[in-house]
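The values are calculated or read from the model by the stated rules, or taken from the named source; none is laboratory data. In this text, all values refer to a predicted model and were calculated from it rather than measured experimentally. Cβ sites come from the backbone with ideal geometry, for glycine too, and all protein chains shown count toward neighbours.
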Amino acid sequence: MAQRKSYAELRAELEKRYPSGQTSNGIGIDDIVQLKLQNSYDTHLDIARDMASVMRQDMADYDRDPTLSTQSLGCWSGFHAQQMIKSVKRLRGTTKRAYVYLSGWMVAGLRNTWGHLPDQSMHEKTAVRDLIREIYVSLRQADEVAMNDLFKELKAATSDAERAEVIERIDNFESHVVPIIADIDAGFGNEHATYLLAKELIQAGACCLQIENQVSDAKQCGHQDGKVTVPREDFIEKLRACRLAFEELGVDDGVIVARTDSLGAGLTQKVPVSQQPGDLASEYIKWLDTEAITDANPVRDGELAIRLDGEFVKPKRLPNGLFPFKKGSGRARVVEDCIANLTQGGADMLWIETDTPNVAEIAAMVNEVREVVPNAKLVYNNSPSFNWTLNLRKQVRDEWLAEGRIAEGDYPEGNELMKADFDATELGKEADDRLQRFQHDISTQAGVFHNLITLPTFHLTAKSVDELSRGYFGDDKMLAYVKTVQREEIRRGISAVKHQHEVGSDLGDTFKEMVSGERALKAGGHANTMNQFAAE
């Protein structure tokens, strides 16, 4: 993170300008120092440059030690992001290796003026940019509130030792501003549209862009059917567009995550033109599902024939004009996608969208990629689209059956494994242990630098509101709110329990004092009910 001037340095600079300790119209220099320290970035583009360097250092640290992976949760508002990072800081004492993920799915579903819509790029392009800005406004406000509290302590200090201790905490203050990985979907159009949108996201503060190899105008959620990929050279052009946007804006360390949906995508929109054997187009074409040309199956008017392996064949074609790939070719296409994206597309990291959370399966694909690119790194989606409990229990059951540890009838085969009856069983506990280790295992065994959950705050909000509503509108009434919300906030030390303070009421009082002195009309007096939480 950019080096911030210390309290002493800023004060010394201001004392040279204002030897009396205040401006000509009576503003104290300590107040100016406070505002300068609260506002550590001039623009959100400065944040993008700074956070890109943070992310690059984290990537280098991971290359040296794969236990140093990073994490994020998908957030659909600035407040979600702020509370997540404050929680991390409260838990760890630092925000290091914690990021924010900005999910296109949640923008489409929750930040869309056209309504709640599926993840098909049907939301406004500007909604992604606006959410990045909102997140950084919220994270910067968390800094402002915390720094204001420190300066209140400084003003209340009664000895040089107390002042020195508070100043040390001011100088060592760690910002709540962290990197954002921003989902740009499939680029929202052609390569020029991708470039223009990428610039908007970077100027809003994004240091990392994640883009996928689906057709922009037929984009689907990575965990739904009907996905259509583009030829590799088309995708590489969009990766170049993102890189040009970073370079133009001076974000030299900007990070690009190239996502491949090929594992679950069985269709392509067009057949690329191959210039020579072994080029990107020919390596893409070879996976098309074709049929032999015979007297009984000739090439008819309007049909397409291509030459593969020395023979003319017809690519199968659907009524909508799309071309299917060979069944079972997804895994091989993923590996080839990844290698092309790293070696020819200049991507910094990969994202492989999978249909189940299986460490061994992902590690096997990554190991093939690493035979060509040894330091290949992944961002992995620990998706809520997976039934994690059922998947992990099935994996344990299958392994134990293969090892002869259990018999076929000891545990059910299908969805019955989800039942709470199995929570306390040996199999249930082993599955939970693997869930707890999953991110560590996938980071150390499968090259995953960053673990994220795309939609956690979508599901958390639904669950939390349901939990409160069931009690409040049911039998518990006010007990439901106090028991499930307020007591927990107080006992966990969640600062939002003092909601006026959380949104900057004390900041406003401080500013009024800066400009009005004793005339300031402050909100934080004895009648402020937030004082009931002062001791917490």
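Out of VAL372, VAL396, report the one residue that is modelled with pLDDT of 95 or more and in a loop (DSSP other than H, G, I, E, B).
Only one candidate passes the filter, namely VAL372.
(1) assigned to a helix (DSSP H, G or I); (2) free of Cβ contacts under 8 Å to residues at least 12 places away in the same chain: which one isn't true of THR444, the others all being true?
(2)
With the requirement that a residue be crowded, with 19+ Cβ neighbours inside 10 Å and not polar (S, T, N, Q), what does the range 439-452 give you?
ILE442, ALA446, GLY447, VAL448, PHE449, HIS450, LEU452 - these are the residues of the range 439-452 that are crowded, with 19+ Cβ neighbours inside 10 Å and not polar (S, T, N, Q).
Quick test for you: out of SER469, SER505, SER495, pick the one residue that is over 30 Å from LEU378 (Cα atoms), out of contact with any strand residue (DSSP E or B) (no Cβ under 7 Å at 6 or more places or on another chain) and modelled with pLDDT of 90 or more.
SER469
Please work out if ASP295 is surrounded by fewer than 18 Cβ atoms within 10 Å (Cβ to Cβ) and either of a type in the set (Asp, Glu) or closer than 22 Å to ALA376 by Cα (or both).
When the stated conditions are applied, ASP295 passes them.
Mind telling me which of the residues GLU144, GLU162, GLU168 ends up being of a type outside the set (Lys, Arg) and touching a residue at least 40 places away in the same chain (Cβ under 8 Å)?
Criteria check complete, one pass: GLU144.
Would you confirm whether any residue within the range 177-200 is over 25 Å from ALA241 (Cβ atoms) and buried (at least 22 other Cβ atoms within 10 Å of the Cβ)?
yes
Cβ-Cβ under 6 Å, sequence separation 6+ or interchain: first residue in the range 490-505 and touching a residue at least 12 places away in the same chain (Cβ under 8 Å), partner among the aromatic types (Phe, Trp, Tyr) and part of a helix (DSSP H, G or I). Which pairs?
Once the first residue is touching a residue at least 12 places away in the same chain (Cβ under 8 Å) and sits in the range 490-505, its partners that are among the aromatic types (Phe, Trp, Tyr) and part of a helix (DSSP H, G or I) give VAL497/PHE533; LYS498/PHE533.
What pairs come up if the first residue lies in the range 512-525 and is of a type in the set (D, E, K, R), the second is exposed (fewer than 11 other Cβ atoms within 10 Å of the Cβ) and modelled with pLDDT under 75, and their beta carbons are under 7 Å apart, counting only those six or more places apart or on different chains?
From the range 512-525, the pairs are LYS512/LEU521.
Taking TRP114 as the residue in question, decide whether it is surrounded by fewer than 20 Cβ atoms within 10 Å (Cβ to Cβ) and of a type in the set (Phe, Trp, Tyr).
So TRP114 passes the test.
Search the range 200-218 for residues that are closer than 18 Å to LEU263 by Cα and modelled with pLDDT of 95 or more and pair each with any residue that is part of a strand (DSSP E or B) and acidic (Asp, Glu) when their beta-carbon atoms are under 7 Å apart and the residues are at least 6 apart or on different chains.
Going by the 7 Å Cβ cut-off, the qualifying pairs are GLN210/ASP183.
Cβ contacts < 8 Å: first residue part of a loop (DSSP other than H, G, I, E, B), restricted to the range 240-253; second residue of a type in the set (Gly, Ala, Ser) and at pLDDT 95 or above, any location; separation 6+ or different chain. Result?
LEU249/ALA48; VAL251/ALA48; VAL251/ALA52; ASP252/ALA52; ASP253/ALA52; ASP253/SER53
Pick out the one residue from THR113, THR126 that is part of a loop (DSSP other than H, G, I, E, B), β-branched (Val, Ile, Thr) and in contact (Cβ under 8 Å) with a residue 12 or more places away in the chain.
Going through THR113, THR126 in turn, the sole match is THR113.
Considering only residues of the range 142-176 that are touching a Leu at 6+ places or on another chain (Cβ under 9 Å) and not in a helix (DSSP H, G or I), which is surrounded by the fewest Cβ atoms within 10 Å (Cβ to Cβ)?
Here the answer is PHE173.
Based on this model, can you work out whether ILE490 counts as modelled with pLDDT of 75 or more, in contact with an Asp or Glu (Cβ under 6 Å, 6 or more places away or on another chain), surrounded by 12 or more Cβ atoms within 10 Å (Cβ to Cβ) and farther than 17 Å from GLU144 by Cβ?
Judged against the criteria, ILE490 is a match.
Please work out which residue is farthest from TYR101 (Cα to Cα), limiting yourself to the range 235-280 and to residues that are small (Gly, Ala, Ser) and surrounded by fewer than 17 Cβ atoms within 10 Å (Cβ to Cβ).
GLY278
Scan (1) in the same structural domain as THR67 (by TED's automatic domain parsing); (2) crowded, with 16+ Cβ neighbours inside 10 Å; (3) of a type outside the set (D, E, K, R) for the single condition ALA480 breaks and write down its number.
Among (1) in the same structural domain as THR67 (by TED's automatic domain parsing); (2) crowded, with 16+ Cβ neighbours inside 10 Å; (3) of a type outside the set (D, E, K, R), the lone unmet condition for ALA480 is (1).
Within the bounds of the range 387-396, is there any residue that is under 30 Å from ASP348 (Cβ atoms), out of contact with any Ser or Thr (no Cβ under 8 Å at 6 or more places or on another chain) and either of a type in the set (Gly, Ala, Ser) or surrounded by 14 or more Cβ atoms within 10 Å (Cβ to Cβ) (or both)?
Scanning the range 387-396 turns up at least one residue that is under 30 Å from ASP348 (Cβ atoms), out of contact with any Ser or Thr (no Cβ under 8 Å at 6 or more places or on another chain) and either of a type in the set (Gly, Ala, Ser) or surrounded by 14 or more Cβ atoms within 10 Å (Cβ to Cβ) (or both).
Which count do you get for residues in the range 397-421 that are crowded, with 19+ Cβ neighbours inside 10 Å and touching a Lys or Arg at 6+ places or on another chain (Cβ under 8 Å)?
2
Between residues in the range 378-405 that are without any contact (Cβ under 8 Å) to a residue 12 or more places away in the chain and residues that are in a loop (DSSP other than H, G, I, E, B) and not polar (S, T, N, Q), which pairs lie under 9 Å by C-beta distance while being six or more apart or on different chains?
GLU399/ARG405; LEU401/ALA407; LEU401/GLU408; LEU401/ASP410; LEU401/TYR411
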